[in-house]
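Report on one structure; see the data block that follows.
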């Protein structure tokens, strides 16, 4: 039997559903199932859903309903979500150039791991990464699934400018900078994909609950795809796969 979330009031107009106290892919799948059920069949007075690693906040209008009514409806949706696990996942294939000049810190990461540059790239591009949530800057994906073999501490001196599309590693995480910004992650590659564009609908390329896979490309391929991406004539491929 799939354990149900613990529900508590979260202020006067919200409820928080707690699924676990440890970040894991299994607990996150349960977190994502509940907002999907609430989006398809909203609770009375429901205004906003805010998922995180191991919890979901349901914001409601206290002038329309009360906590007890929302709790009852959330429990119904949670049980429904637990019984409808999806065996398939959506994977966004993100092309990445791991060659100079797009990978200024790849050698440092390889040295820290005791591996070659080629081995780091192979490991980094070998599996799917779950998008837990977006934040930090618009469209920035918090990813789970980095191999501990290539984990590396943040740079001692952060850069004042990291280009949009830079792919980095910091401690146990890997991620992609959607916009040019300061940053202290180790940059091991760059994608031509545009992760955030306020003129698009939706503006963010990625969404919580999706998976991504990094696909190595050459510098020439990067140049060709970057031009098409900026003109919105190309976006990364999305495929469906069986969940392992």
Test: residue 181 is more than 16 Å from the chain's Cα centre (by Cα) and within 30 Å of residue 88 (Cα to Cα): no
Positions within the stretch 44-75 being on the phi < 0 side of the Ramachandran plot, in contact with a helix residue (DSSP H, G or I) (Cβ under 9 Å, 6 or more places away or on another chain) and at pLDDT 90 or above, in sequence order: 44, 46, 49, 55, 56, 58, 60, 65, 73, 74
Residue within the stretch 220-234 that is farther than 30 Å from residue 33 by Cα, surrounded by fewer than 16 Cβ atoms within 10 Å (Cβ to Cβ) and either touching a residue at least 40 places away in the same chain (Cβ under 8 Å) or within 12 Å of the chain's Cα centre (by Cα) (or both) present: yes
Residues within the stretch 111-129 that are touching a residue at least 60 places away in the same chain (Cβ under 8 Å) and either assigned to a helix (DSSP H, G or I) or closer than 11 Å to residue 152 by Cβ (or both), tallied: 3
Residue tally, condition within 20 Å of residue 241 (Cα to Cα) and in contact with a helix residue (DSSP H, G or I) (Cβ under 9 Å, 6 or more places away or on another chain), over the stretch 124-150: 6
Tally, over the stretch 9-43, of residues that are at positive phi and surrounded by 18 or more Cβ atoms within 10 Å (Cβ to Cβ): 0
Among the candidates 216, 202, residue that is in contact with a strand residue (DSSP E or B) (Cβ under 7 Å, 6 or more places away or on another chain) and either modelled with pLDDT of 95 or more or part of a loop (DSSP other than H, G, I, E, B) (or both): 216
Qualifying strands (runs of 3 or more DSSP E) (wholly inside the stretch 1-89; at least 1 residues being in contact (Cβ under 8 Å) with a residue 24 or more places away in the chain, under 28 Å from residue 240 (Cβ atoms) and within 19 Å of the chain's Cα centre (by Cα)): 46-51, 55-60
Odd one out for residue 108, checked against (1) free of Cβ contacts under 8 Å to residues at least 12 places away in the same chain; (2) more than 24 Å from the chain's Cα centre (by Cα): (1)
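The values are calculated or read from the model by the stated rules, or taken from the named source; none is laboratory data. Only a predicted model underlies this, so the values are computations on that prediction, with no experimental measurement involved. Neighbour counts are summed over all protein chains in view; Cβ atoms, including those assigned to glycine, are modelled from backbone coordinates with ideal geometry.
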